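Step one of this worksheet: look at the structure below.
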Amino acid sequence: MDTKTLLLEIGTEEIPAHAMPGILNQLKDLADKNLKESRIDFGEIKTLGTPRRLALLISDVATTQADVQEEKRGASAKIAFDADGKPTKAAIGFAKKNNVRPEDLITRDGYIYAVIREQGKPSAEIFKTLLPKIICDLSFPNNMRWGDLDFKFIRPLRWIVALFGEEIIPFKVANVKSGRISRGHRFLSAGDFEIATAADYVEACAENFVIVDQNQRREMIAAQIREVAANKNGVAEITDDLLEEVLYLVEYPTALAGAFEEKYLQLPAEAVITPMRDHQRYFPVKNSDGALKNLFITIRNGGKDYLEIVQHGNERVLKARLEDAQFFFNEDRKKSLAAHRDKLKTVVFQEGLGSVYEKTERLVKLVEKISAMLGVDATNSIRAAELSKADLVTGMVTEFTELQGVMGREYAKLDGEAPEVCAAIDEHYMPRFAGDAQPKTVAGKILSLADKIDNIVATFSRGLVPTGSQDPFALRRQALGIVNLLAGARWTLSISEVVELAMDLLSITDEVGREKIQQEVADFMRLRVKNVLSNSTRYDVIDAVIDDVDDIFAVTLKAAAVEQFLSTPDSTKKTIQSFVRVSNLAKKADTTELNADLFTLDAEKILYGAFAAIKVAADELVGKKDFLGALDVLKKLSTPIDSFFDSVMVMDEDLTVRQNRLALLKSIDDLLAQIADFGKIVL
């Protein structure tokens with residue numbers, strides 16, 4: 001089978017860096033889907049990209065679409081042919097409809113079939129419509145239109161290259177015609193350049209100062225940063241998110257170092273790093289001991305010519321930012337962090353929910369409650385809660401919002417606050433993003449729980465429960481933080497009790513409204529627990545333990561215990577089946593009140609005795625959260641349960657006897673339900 005390489009390059013104005021990874025993934029998926037649907041065989045799909053281009057490079061693409069053969073069934077043979085074996089009008093019409101001759105119809109199993117054979121078309125012909133379709137099917141969160149065109153794209157199209165081997169695939173999108181002419185680096189290249197064949201694409205781009213393969217470009221950037229840092233006797237701090245952003249800001253990277261005055265090192269490290277990294281996209285440089293150096297590394301979109309001029313320009317920009325930081329820091333330090341707190345009264349927390357100062361007052365009460373529930377000292381948590389939001393009104397955080405919590409920590413240190421208080425002020429915002437760390441100090445964990453629960457309850461009280469992709473207050477991330485924090489800390493905490501206090505502090509008095517919020521919070525947390533467990537736990541086990549998530553840590557332990565229990569030998573299946581039989585009939589019971597004197601048959605006496613003997617031990621193990629141990633005890637009920645069902649008519653005609661037997665089953669089921677709903681386990 002003949003194959004060629006297929007190239008599609010979409011040239012644009014500069015695309016926002018943050019959008020590039022998603023667009024390239026989408027481009028690959030669209031190519032894979034459309035080629036398969038078009039019956040065109042292909043090899044590896046690569047998506048390549050720079051700020052000015054999106055490229056699709058596919059190897060070993062078949063030059064011809066695969067042939068297809070399909071059978072369609074028609075009428076029965078008795079209707080299709082007359083007594084002489086000649087086709088009737090039914091057969092002739094069926095053959096005509098399917099573009100075959102009547103004599104080519106075949107008979108099988110008493111029916112006629114039309115065999116439809118479609119010869120594959122040249123792939124190049126199909127690509128004339130398939131490639132523009134791929135371009136038009138790309139979707140973006142923000143689109144642009146230009147001129148009087150109805151076409152929308154993330155940025156205006158400037159050129160299109162479409163080659164199948166050396167052959168141009170002709171088409172037009174948004175008045176831009178496809179061809180073999182691409183554009184080189186804006187400043188380093190001679191301008192437009194010609195691509196002879198699709199297989200030459202990467203090399204042709206490199207000759208024109210465009211490193212089009214983002215993986216190669218990423219390696220170049222990282223290697224250059226490390227080399228430049230090493231030459232300055234330092235170690236560059238390369239974070240994945242900054243590297244990814246810089247990657248899609250340049251087409252031909254060159255790393256260079258710059259310096260700033262040592263006096264700025266007197267500022268807290270984050271006050272220097274944030275303007276450097278988050279505002280200017282510079283990589284900080286540290287000593288081998290982790291101390292910040294008065295150096296930075298930046299990536300130029302160009303070559304090594306005139307690096308001194310570029311360096312000087314970057315140094316001037318950073319100096320201005322650091323001067324701002326120095327000014328705001330000095331102004332902030334004219335009074336203590338606690339003295340800033342009063343200004344929080346002028347800052348609105350949420351519409352109709354008072355000020356941020358009032359929020360900190362609620363946090364004090366919440367950390368007191370949570371600390372008492374956990375049996376830990378609340379002194380540091382209370383002080384951290386009082387100071388937790390004070391840095392929001394400082395000049396430094398007003399200018400560099402990314403430093404909220406961080407500057408609170410640093411200012412608290414300078415004020416001589418306890419180390420755990422200082423850490424908690426920063427930690428209570430954790431996790432700030434997916435994959436971020438959890439708080440480490442006890443005070444930080446407690447304040448984090450209080451802050452997140454207050455945020456969730458306050459927002460829900462306004463009717464702003466996240467739906468679909470809409471989550472403007474990042475409540476899903478905060479709820480996930482609660483789940484991971486409680487599971488990681490192995491803390492037993494009643495979410496509903498804390499929510500109850502949060503509603504009291506928010507002056508929510510309507511009983512119906514309070515019940516609604518409790519239910520919404522429970523449902524919201526349940527989904528987050530489910531998300532966390534789904535990474536390591538069977539779906540049916542999750543369904544079996546997820547009904548009550550008030551004690552999140554207990555739910556995670558139950559899931560682990562049930563999963564481990566199910567991995568034990570074959571007797572487990574028999575045990576679960578016994579539990580399910582109990583559960584099915586227990587639903588018919590109205591009470592768990594038992595009268596032992598009404599048990600007259602041996603099987604029910606034995607089951608009742610076994611239950612009474614096991615219940616105390618099982619309850620004790622459940623109380624200790626030893627759910628696996630409780631299951632090992634409860635499985636001893638399996639044999640008496642089976643004997644009971646084999647020998648006893650539960651639905652006895654005597655209503656009193658029937659209710660007593662159902663009450664026994666419900667009592668057993670209630671005991672089992674403390675661990676899981678075994679009816680949801682898939683055997």
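The values are calculated or read from the model by the stated rules, or taken from the named source; none is laboratory data. Quantities reported herein were computed from a predicted structural model and do not represent experimental measurements. Virtual Cβ from ideal backbone geometry, glycine too; neighbours counted across all protein chains shown. Protein only, heavy atoms only, side chains kept; ligands, DNA and RNA dropped before computing areas. Shrake-Rupley method; radii C 1.70, N 1.55, O 1.52, S 1.80 Å.
Ordering Ala544, Val457, Ala17 by the projection of their Cα atoms onto the charge dipole of the chain, which places +1 on the Cβ of Lys and Arg and -1 on the Cβ of Asp and Glu, puts Ala17 at the extreme positive end.
Under 24 Å of direct C-alpha separation, and excluding same-chain neighbours fewer than eight residues apart, Lys86 reaches these lysines: Lys72, Lys78, Lys96, Lys97. Cα centroids of the stretch 534-584 and the stretch 462-487: 26 Å apart. When the Cα atoms of the chain are aligned to their principal axes, the ranges along those axes come out at 110, 100, 46 Å in descending order. So what's the net charge close to Ala676: Lys and Arg +1, Asp and Glu -1, counting the other residues with Cβ under 12 Å from its Cβ? For residues surrounding Ala676, the net value is -4.
Convex hull of alpha carbon positions in the stretch 331-423: directionally averaged projected area 6.2 nm². Straight-line reach from Lys573: taking Cα to Cα under 17 Å and skipping same-chain neighbours fewer than 8 places apart, the lysines in range are Lys635, Lys636, Lys680. A straight line joining the Cα centroids of the stretch 54-107 and the stretch 256-309 runs 70 Å.
Using the per-residue mean of other Cβ atoms lying within 10 Å as a proxy for protection, in what order, highest first, do the peptides 455-468, 134-147 fall?
Working: 455-468: 17.3, 134-147: 13.6.
Descending packing order for the listed peptides: 455-468, 134-147.
Note on Lys334: aspartates and glutamates with a C-alpha under 12 Å away, same-chain residues under 8 apart excluded, are Asp415. May I ask for the net charge around Cys205, where only other residues with Cβ less than 15 Å from the Cβ of Cys205 are counted and Lys, Arg are +1 while Asp, Glu are -1? Neighbour charge sum, excluding Cys205 itself: -1. Near Leu295: Cβ cut-off under 10 Å, other residues only, Lys/Arg at +1 and Asp/Glu at -1. The net charge is +3.
Remark: the stretch 388-427 carries 31 Å² of accessible area per residue (probe radius 1.4 Å; ligands, DNA and RNA excluded). Per-residue ellipticity at 222 nm, computed for the chain from helices alone with -39500 (n - 2.57) per DSSP H run of at least four residues, works out to -15500 deg cm²/dmol. Protection proxy ranking, highest mean first, for peptides 643-654, 571-582: 571-582, 643-654, where packing is the per-residue count of other beta-carbon atoms within 10 Å, averaged.
Over the chain, calculate the relative contact order: mean separation of alpha carbon pairs under 8 Å at least 6 apart, over the residue count, as a percent.
It rounds to 7 percent for the chain.
Computed with the Debye formula from one identical point scatterer per Cα of the stretch 1-125, without solvent, the log10 of I(q)/I(0) at q = 0.16, 0.20 Å⁻¹ comes to -0.80, -1.01.
A Förster radius of 56 Å, combined with the Cβ-Cβ distance separating Arg538 from Ala83, puts the computed FRET efficiency at roughly 0.30.
Size of the stretch 562-683 from its Cα atoms: along the principal axes, largest to smallest, the extents are 42, 28, 24 Å.
The stretch 195-236 and the stretch 649-683 have Cα centres spaced 69 Å apart.
Percent of alpha carbon pairs in the stretch 267-356 separated by more than 23 Å?
Values: 1865 of 4005 pairs.
Tail fraction, whole percent: 47.
Taking a 27 Å limit on the Cα-Cα distance, which of the listed pairs Lys365/Lys445; Lys263/Lys345; Lys445/Lys625; Lys4/Lys133; Lys369/Lys389 fall beyond it?
Details: Lys365/Lys445 15 Å; Lys263/Lys345 35 Å; Lys445/Lys625 22 Å; Lys4/Lys133 20 Å; Lys369/Lys389 20 Å.
Violating the 27 Å limit, Cα to Cα: Lys263/Lys345.
The largest-to-smallest principal axis extents of the Cα set in the stretch 514-626 are 48, 42, 27 Å. Working note: Debye formula, equal point scatterers on the alpha-carbon atoms of the stretch 501-544, no solvent; log10 I(q)/I(0) at q = 0.19, 0.23, 0.29 Å⁻¹ is -0.64, -0.75, -0.97. Relative intensity of the stretch 636-683 on a log10 scale, I(q)/I(0) at q = 0.21, 0.23 Å⁻¹, equals -0.85, -0.95, per a Debye sum over C-alpha point scatterers of equal strength in the absence of solvent. Protein heavy-atom surface of the chain, 1.4 angstrom probe: 49% of the accessible area is carbon and sulfur, with nucleic acids and ligands not counted.
Taking all protein chains as shown and a probe of 1.4 angstrom, Asp543 keeps an accessible surface of around 50 Å².
For the stretch 178-301, the pair-distance distribution built from all alpha carbon pairs, in bins 5 Å wide starting at 0, is 2, 11, 19, 19, 15, 11, 8, 7, 4, 3, 1, 0 percent.
Rolling a 1.4 Å probe across the protein heavy atoms gives the stretch 248-323 an accessible surface of 46 Å² per residue.
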